[in-house]
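Values in this text are rule-based calculations from the coordinates and carry no lab data. Predicted model, so just to flag it, every value in this text is computed and none were measured. Cβ sites come from the backbone with ideal geometry, for glycine too, and all protein chains shown count toward neighbours.
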Amino acid sequence: MIRIVTDSTADLWQEYVEKRNLTVIPMHYRLGDKNYLATPDTASPYYLDDREFYGLMRVGVVAGTTQINQAQYEEAFAPLLDAGDDILYLAFSSGLTGSQNNARLAWEELKPRYPGRRLVMVDTKAASMGEGLAVWMVAERFAAQPELTLDELAAYAGTVSMQVHHWFTVDDLKYLKRSGRVSGAAAVVGTVLNIKPVLHVDNEGHLIAVEKVQGRKKALRRLVEQLEAHMADKQNGAIFIGHCDAPQDAFFVDDLILQKTGRRADKISGIGPVIGSHSGPGTLALFFVSEEER
């Protein structure tokens with residue numbers, strides 16, 4: 001059997017994870033002087049509700065993240081290998097984290113113990129629900145065609161990952177300043193002039209600023225304009241909207257999509273603390289599939 005594994009950075013909703021029997025490796029993050037785990041387990045002492053997390057960020061508590069280490073990967077992979085499964089690991093963008101090297105080290109450590117078992121890692125070059133959309137497409141393909149081999153499924157994952165477009169905007173530039181995405185001077189000037197960046201993730205998995213517009217609503221409209229320009233199948237292709245505690249803006253974007261395409265997004269969901277630590281509360285993101293690479 002093939003088991004699909006991904007990271008909590010994919011921001012997949014728990015009902016879907018359970019439906020397709022996915023394995024999601026949680027990442028650690030910190031808020032002030034406390035450490036937390038991006039886990040759906042509300043009983044965990046390391047769990048923090050997303051809304052509380054963004055509320056604390058809004059009052060100035062500083063957030064940050066750490067990579068998944070080798071031991072965490074071994075802990076996630078070993079039970080699947082013990083069960084006799086092969087693993088397709090759809091990884092968070094190497095352009096945004098160095099965690100994939102730890103995954104390779106973990107597999108090198110485990111491989112001698114599991115002769116005949118395989119692990120294939122695909123760098124999705126994607127983040128948040130863009131990574132989640134790639135995982136969703138692979139999981140749905142596998143559910144429809146369970147006869148696919150590990151190599152066939154990995155090849156499909158590599159193709160669709162590069163066709164997933166990420167378009168997003170942030171509400172406050174100070175969080176991108178903290179993560180080094182914009183300069184301090186640009187953040188100050190942008191805040192004074194109410195400048196909102198429109199960003200995307202390129203085909204190397206890096207975060208790229210595309211343009212700057214004045215005003216939140218204009219930035220949100222630009223996201224939908226990108227969907228109009230680039231989405232391959234506007235009637236049937238999957239559309240995901242992600243937000244960092246900004247549901248009203250997500251509904252606004254969904255209404256715009258309805259006006260432009262005659263349909264709504266397939267999923268509106270929250271962006272978790274790992275991605276939100278760097279983009280900040282108010283982030284709004286739109287994800288869809290194009291026939292062209294990013």
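At-a-glance table
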quantity	calculated
Diffusion constant of the chain at 25 °C, which comes from Stokes-Einstein with the Kirkwood Cα-pair radius and 0.890 mPa s, µm²/s	126 µm²/s
Of all DSSP beta bridges in the chain, antiparallel share, percent nearest 5	65 percent
Computed over the stretch 2-162, the ratio Rg/Rh where both radii use C-alpha atoms and Rh is Kirkwood	0.98
The stretch 185-281: antiparallel DSSP beta bridges as a percent of all, rounded to 5	65 percent
Candidates Ser161, Ser94, Ser128: whichever shows maximal mean-square fluctuation once the chain is modelled as a Gaussian network with Cα springs under 10 Å	Ser94
Links that overshoot a 24 Å alpha carbon limit, given the list Lys34/Lys196; Lys34/Lys125; Lys174/Lys218	Lys34/Lys196; Lys34/Lys125
For the chain, built as a Gaussian network whose Cα springs stay under 10 Å, the top-fluctuating residue of Leu284, Leu173, Leu258	Leu258
Those GluC sites (Glu not before Pro) in the stretch 139-179 that DSSP places in a loop and that have at most 15 other beta carbons within 10 Å	Glu147
Helix-only CD estimate at 222 nm, as mean residue ellipticity for the chain, using -39500 (n - 2.57) per DSSP H run (n ≥ 4)	-12500 deg cm²/dmol
Only Lys, Arg (+1) and Asp, Glu (-1) charged, at Cβ; the stretch 163-289 dipole about Cα centre in debye	320 debye
Ratio Rg/Rh [Cα only; Rh per Kirkwood] for the stretch 163-289	0.95
